[in-house]
Amino acid sequence: NSRKTLGGCMSKLASVLIVDDNPRCLEFMTLAFSAQGGVEVTGEMKPILALDRIRSEKPDLVVLDVKMPDLDGFGVLSLLRGEGNPVPVVMCSGSALQKDIDRAYAGGCSGYVEKPTTLEDYRAMAGTIVDYWSRGELPRH
């Protein structure tokens, strides 16, 4: 696999899979990442289906809601890391509690952001994630 994770980073973020059971949040997140230009954005509302899609579609980045029914974001992350899947995951949550943040990083996430409340804030968050990704590019000689 020629993709590199956030530690070694790709220069261009090409594909993002957003996993959120809330249709409004999914729509805003999709619009926000699409507005960055050049990023293929797809969404999934069901965590179990998201796991299958991550395995088959191999997105560059997964933005994962924490609180979902059946299987929460921590469970999805745990399953991915348990099978050795290195896909970069940014956890997105309404909770800014330090214990949730610590749990996410301990589980192997690449980033943790508090869930925005307005479309403008979603766009700002998506822009920050895309900027973070591109700044991680290593010089090529």
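A few comments on the model shown:
- Selection count where residues are over 19 Å from K67 (Cα atoms) and of a type outside the set (D, E, K, R), scope region 17-41: 10
- Just one of (1) surrounded by 19 or more Cβ atoms within 10 Å (Cβ to Cβ); (2) in contact with a strand residue (DSSP E or B) (Cβ under 9 Å, 6 or more places away or on another chain) fails for M45. It is (1).
- The one condition in (1) of a type outside the set (F, W, Y); (2) open to solvent by less than 70 Å² (accessible area, probe 1.4 Å); (3) at pLDDT 90 or above that R24 fails to fulfil: (2)
- Helices (runs of 4 or more DSSP H) completely within region 57-141 that count 1 or more residues being touching a Lys or Arg at 6+ places or on another chain (Cβ under 7 Å), open to solvent by 10 Å² or more (accessible area, probe 1.4 Å) and closer than 22 Å to K46 by Cβ: 73-82
- Among residues of region 24-48 that are in contact (Cβ under 8 Å) with a residue 40 or more places away in the chain, those with a Cβ under 6 angstrom from a residue that is surrounded by fewer than 16 Cβ atoms within 10 Å (Cβ to Cβ), sequence gap 6+ or separate chain, pair up as F28/L119.
- Every condition in (1) open to solvent by less than 20 Å² (accessible area, probe 1.4 Å); (2) outside any strand (DSSP E or B); (3) within 20 Å of L13 (Cα to Cα) is met by Q36 except one, and the failing one is (1).
- For S110, the stated conditions hold: it is touching a strand residue (DSSP E or B) at 6+ places or on another chain (Cβ under 7 Å), of a type in the set (S, T, N, Q) and in contact (Cβ under 8 Å) with a residue 60 or more places away in the chain.
The values are calculated or read from the model by the stated rules, or taken from the named source; none is laboratory data. This is a predicted model, so every value here is computed, not measured. Methodologically, a virtual Cβ is constructed for each residue, glycine included, from the backbone with ideal geometry; neighbour enumeration extends over all protein chains shown. Quick note on the areas: whole protein, heavy atoms, side chains included, nothing else; ligands and nucleic acids left out. Shrake-Rupley method; radii C 1.70, N 1.55, O 1.52, S 1.80 Å.
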